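Contents: one structure, followed by commentary.
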Amino acid sequence: MHKGDVLRTFLGDLGRLGGAVALGVALAAPATALERVTLDAPGAGSRMEAGLRAASLLLEAQTAGIDDPQELLAAARAEYGRMVAVLYGGGYYGGSVSVRIDGREAAEFDALEVPRAVREVIVSVDLGPRFVFSRAEVAPLAPGTDLPSGFAEGEIARSDLIRQATRSAVSGWRTAGHATASAGQARIIADHPAATLDAQVPILPGPQVRFGSLILSGNERMRPNRVRKIAGFPEGEVFDPAAIALAAQRLRRTGSFTSVAMVEGEALGPGNTLDVTATLVEAPLRRFGFGAELDTDDGARVSAFWLHRNLLGGAERLRIEGEVGSIGSSIGGQDYRFSVLLTRPATFTPETTLTLSAIAETVNERDFDARRVSIEAGVLHIFSDRLTAELGVGYLFERARDVRGSRSRSILTLPAGLRYDARDDEIDARRGIYLDGRALPFYGLRGSASGAQLRLDARGFLPVGERVVLAGRAQIGSVLGAALEDTPRQLLFLSGGSGTVRGQPYRVLGVERPAPGGQTVRLGGRGFAGVSGEVRVAARGNIGVVGFADAGLVSASSLFDDGEWHAGAGIGLRYATGIGPIRVDLAGPVAGDTGSGAQLYIGIGQAF
């Protein structure tokens with residue numbers, strides 16, 4: 001073959017090969033991506049349109065960048081039902097829905113047919129007339145049952161109202177003791193020419209039921225009699241769903257179970273009784289943990305604890321804790337604290353917890369050091385989810401020493417407290433109030449004085465929009481009966497630092513008394529008042545910013561007729577975690593002569 005012919009043949013083959021490659025690339029190219037999803041609902045108000053858009057799977061697919069034809073077709077087929085459900089929820093029972101994929105109705109695709117590509121989807125919703133109830137009847141009703149206010153003749157016939165009314169009716173009968181109450185076959189007729197809806201739902205109350213036995217499952221280490229005592233299951237009493245929920249709550253709050261499920265029996269027993277099964281998953285017996293805080297003035301504080309959740313087989317909790325404080329402090333030596341706490345739920349009543357505690361501690365303050373030992377026995381009673389009360393008896397021995405010498409005090413105590421907690425979150429509250437009142441009458445032994453310490457801690461939280469929370473706190477304390485010098489140091493009040501006035505040195509404000517050699521010694525006061533305010537702003541993601549101001553007064557008198565104020569203010573950062581926000585606060589003094597410079601505070605949880 002001539003060289004020219006060889007060259008022409010090679011170039012021709014190369015051209016044909018290039019064409020084949022180009023064709024292969026074209027065939028292998030992905031389908032055209034979804035370009036647009038349109039939802040058109042003429043006459044729909046803003047709320048109805050928002051509901052339609054929120055229910056649309058196709059709009060959701062567009063937002064997620066989905067362009068697979070099979071997935072889009074599946075979403076289009078489901079779109080009909082979702083749009084109709086929204087129409088019914090708004091009282092529109094004569095509307096129509098069209099979903100067109102590149103001009104073709106989605107419902108017309110065969111079961112196994114899939115388009116090669118989807119470029120445009122148009123969802124058209126015709127609302128039609130709005131229906132009203134010509135009759136709205138759910139009957140019979142248990143005494144005291146309230147139905148939704150909109151479920152009445154002449155009102156807009158929203159489908160959700162029918163469901164809500166049915167649930168309310170069944171719930172009313174169950175609350176009245178009819179555990180097997182249920183809804184019968186509903187009769188719902190739409191009169192399209194009149195645009196009315198006739199809704200009738202019969203209720204089948206069934207017999208009044210009494211509680212049978214509490215059947216236990218999963219309690220491997222917990223004694224059955226203690227589980228039943230804690231649950232307080234009302235065997236033999238008239239059925240009440242709230243009693244089942246309360247029994248589950250009592251079991252959960254012991255902390256001895258990771259899961260508690262209460263399941264009603266499927267059939268009634270003899271005498272119309274109903275057994276309930278408590279399915280339990282026990283928590284690990286032992287747990288340990290640690291904590292840490294940092295204060296520029298008072299130094300670091302570290303703590304560790306060991307916990308046993310089921311010491312004697314009855315959900316008894318033993319907690320042993322040690323703490324070292326004022327590490328690296330510039331105002332005194334290190335503090336040490338060791339405590340033991342034993343709690344036993346369901347003592348006397350299912351809502352009453354017995355507490356036994358012992359504490360030994362060494363405190364090294366600016367002007368004094370003290371050694372203390374205390375023991376206490378008490379009960380905590382839960383009146384409701386928000387209200388609890390405590391009452392106990394205890395003994396405190398304290399030996400305190402300052403430049404004037406040392407002095408020992410022994411007292412018997414009768415601690416009592418009442419707490420009302422209506423916060424939405426104990427760790428990071430956004431709304432609600434918290435009130436904690438404490439009274440500690442004490443009787444002096446071996447020449448020690450007698451009297452009483454009173455304390456009140458009030459907190460309030462108010463959201464302003466979605467990102468801002470206003471938080472406020474007021475504290476008041478007073479010692480009555482005993483003279484300042486005769487009151488144990490532990491019961492007197494000092495102000496400054498975390499917990500009282502941030503920006504001021506730790507526990508710096510007190511009452512000064514003369515000491516030998518022209519010196520003075522700082523004691524706590526018999527009266528204390530403190531206020532704190534915070535503006536908490538959610539900045540971005542898990543990060544929050546806080547601005548705050550605190551002020552405190554300490555008085556030698558229990559009636560606040562003398563004393564000195566000081567105040568501090570600053571800013572802080574919060575980083576939200578599963579165990580509470582990590583807190584970093586930087587503050588300085590703004591009033592008073594008790595300190596200067598900035599104070600840094602690092603801890604877990606909000607300041608209050």
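The values are calculated or read from the model by the stated rules, or taken from the named source; none is laboratory data. Please read these numbers as outputs of a predicted model, since none were measured by experiment. Methodologically, a virtual Cβ is constructed for each residue, glycine included, from the backbone with ideal geometry; neighbour enumeration extends over all protein chains shown.
Some values worked out for this structure:
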{"read-out": "Selection count where residues are buried (at least 19 other Cβ atoms within 10 Å of the Cβ) and not polar (S, T, N, Q), scope the range 211-227", "value": "6"}
{"read-out": "Qualifying positions in the range 411-432 - part of a loop (DSSP other than H, G, I, E, B) and either small (Gly, Ala, Ser) or touching a Phe, Trp or Tyr at 6+ places or on another chain (Cβ under 7 Å) (or both)", "value": "Ala422, Arg423, Ala429, Arg430, Arg431"}
{"read-out": "Any chance Gly378 is under 28 Å from Met222 (Cα atoms) and touching a residue at least 60 places away in the same chain (Cβ under 8 Å)", "value": "no"}
{"read-out": "Strands (runs of 3 or more DSSP E) contained in the range 192-288 and holding at least 1 residues within 26 Å of Gly177 (Cβ to Cβ) and polar (S, T, N, Q)", "value": "196-204, 210-217, 273-282"}
{"read-out": "Qualifying residue in the range 77-87 (condition: more than 23 Å from Arg158 (Cβ to Cβ) and either modelled with pLDDT of 95 or more or surrounded by fewer than 19 Cβ atoms within 10 Å (Cβ to Cβ) (or both))", "value": "yes"}
{"read-out": "Of residues in the range 312-335 being out of contact with any Lys or Arg (no Cβ under 7 Å at 6 or more places or on another chain) and closer than 24 Å to Thr352 by Cα, the one surrounded by the fewest Cβ atoms within 10 Å (Cβ to Cβ)", "value": "Leu312"}
{"read-out": "Single unsatisfied condition, Thr577 versus (1) part of a loop (DSSP other than H, G, I, E, B); (2) among the polar types (S, T, N, Q); (3) within 25 Å of Asn364 (Cβ to Cβ)", "value": "(3)"}
{"read-out": "Subset of the range 580-593 that is assigned to a strand (DSSP E or B) and of a type outside the set (A, V, I, L, M) - its residue that is surrounded by the fewest Cβ atoms within 10 Å (Cβ to Cβ)", "value": "Gly588"}
{"read-out": "Ala549, sole failed condition from (1) among the small types (Gly, Ala, Ser); (2) in a loop (DSSP other than H, G, I, E, B); (3) within 24 Å of Leu462 (Cβ to Cβ)", "value": "(2)"}
{"read-out": "Filtered residues of the range 562-588 (kept if touching a strand residue (DSSP E or B) at 6+ places or on another chain (Cβ under 7 Å) and without any contact (Cβ under 8 Å) to a residue 12 or more places away in the chain)", "value": "Asp562"}
{"read-out": "Which numbered condition Thr500 misses (of (1) among the hydroxyl-bearing types (Ser, Thr, Tyr); (2) in a strand (DSSP E or B); (3) under 32 Å from the mean Cα position of the chain (by Cα))", "value": "(2)"}
{"read-out": "Enumeration of residues in the range 187-213 that are among the hydroxyl-bearing types (Ser, Thr, Tyr) and closer than 18 Å to Gly265 by Cβ", "value": "Ser213"}
{"read-out": "Test: residue in the range 450-471 that is more than 20 Å from the chain's Cα centre (by Cα), in a loop (DSSP other than H, G, I, E, B) and either of a type in the set (Val, Ile, Thr) or at pLDDT below 95 (or both)", "value": "no"}
{"read-out": "So Ser159, is it in contact (Cβ under 8 Å) with a residue 24 or more places away in the chain, surrounded by 15 or more Cβ atoms within 10 Å (Cβ to Cβ), over 40 Å from the mean Cα position of the chain (by Cα) and under 30 Å from Pro202 (Cα atoms)", "value": "no"}
{"read-out": "Considering residues of the range 355-370 that are within 30 Å of Arg344 (Cα to Cα) and of a type outside the set (A, V, I, L, M, F, W, C) only, the residue surrounded by the fewest Cβ atoms within 10 Å (Cβ to Cβ)", "value": "Thr362"}
{"read-out": "Total residues in the range 450-494, condition of a type in the set (Phe, Trp, Tyr) and either in contact with a His (Cβ under 7 Å, 6 or more places away or on another chain) or surrounded by fewer than 22 Cβ atoms within 10 Å (Cβ to Cβ) (or both)", "value": "0"}
{"read-out": "Selected residue (criterion: farthest from the chain's Cα centre (by Cα)) from residues of the range 228-247 that are free of Cβ contacts under 8 Å to residues at least 40 places away in the same chain and either loosely packed, with under 14 Cβ neighbours inside 10 Å or more than 19 Å from Leu380 (Cα to Cα) (or both)", "value": "Gly236"}
{"read-out": "Gln70, sole failed condition from (1) crowded, with 16+ Cβ neighbours inside 10 Å; (2) of a type outside the set (Lys, Arg); (3) part of a helix (DSSP H, G or I)", "value": "(1)"}
{"read-out": "Tabulated pairs, the range 500-513, first on the phi < 0 side of the Ramachandran plot and among the β-branched types (Val, Ile, Thr), second surrounded by fewer than 24 Cβ atoms within 10 Å (Cβ to Cβ) and part of a loop (DSSP other than H, G, I, E, B), C-beta under 7 angstrom, 6+ apart or interchain", "value": "Val508/Thr594; Val508/Gly595; Val511/Ala556"}
{"read-out": "Considering residues of the range 38-54 that are touching a helix residue (DSSP H, G or I) at 6+ places or on another chain (Cβ under 8 Å), outside any loop (DSSP other than H, G, I, E, B) and touching a residue at least 24 places away in the same chain (Cβ under 8 Å) only, the residue surrounded by the most Cβ atoms within 10 Å (Cβ to Cβ)", "value": "Leu52"}
{"read-out": "Qualifying residue in the range 395-412 (condition: in contact with a Gly (Cβ under 7 Å, 6 or more places away or on another chain) and surrounded by fewer than 17 Cβ atoms within 10 Å (Cβ to Cβ))", "value": "no"}
{"read-out": "Residue selected from the range 441-474 under the condition charged (D, E, K, R) and without any contact (Cβ under 8 Å) to a residue 40 or more places away in the chain, by the criterion farthest from Ala529 (Cα to Cα)", "value": "Arg446"}
{"read-out": "Count of the range 480-497 residues which are of a type in the set (Gly, Ala, Ser) and over 38 Å from the mean Cα position of the chain (by Cα)", "value": "3"}
{"read-out": "Some residue of the range 162-175 being in a helix (DSSP H, G or I), aromatic (Phe, Trp, Tyr) and either outside the structural domain of Pro270 (by TED's automatic domain parsing) or surrounded by fewer than 21 Cβ atoms within 10 Å (Cβ to Cβ) (or both)", "value": "yes"}
{"read-out": "When residues of the range 374-410 are limited to those that are assigned to a strand (DSSP E or B) and of a type in the set (Phe, Trp, Tyr), the one nearest to the chain's Cα centre (by Cα)", "value": "Tyr395"}
{"read-out": "Selection from the range 472-497 of residues that are of a type in the set (Ser, Thr, Tyr) and either in a loop (DSSP other than H, G, I, E, B) or out of contact with any strand residue (DSSP E or B) (no Cβ under 9 Å at 6 or more places or on another chain) (or both)", "value": "Thr487"}
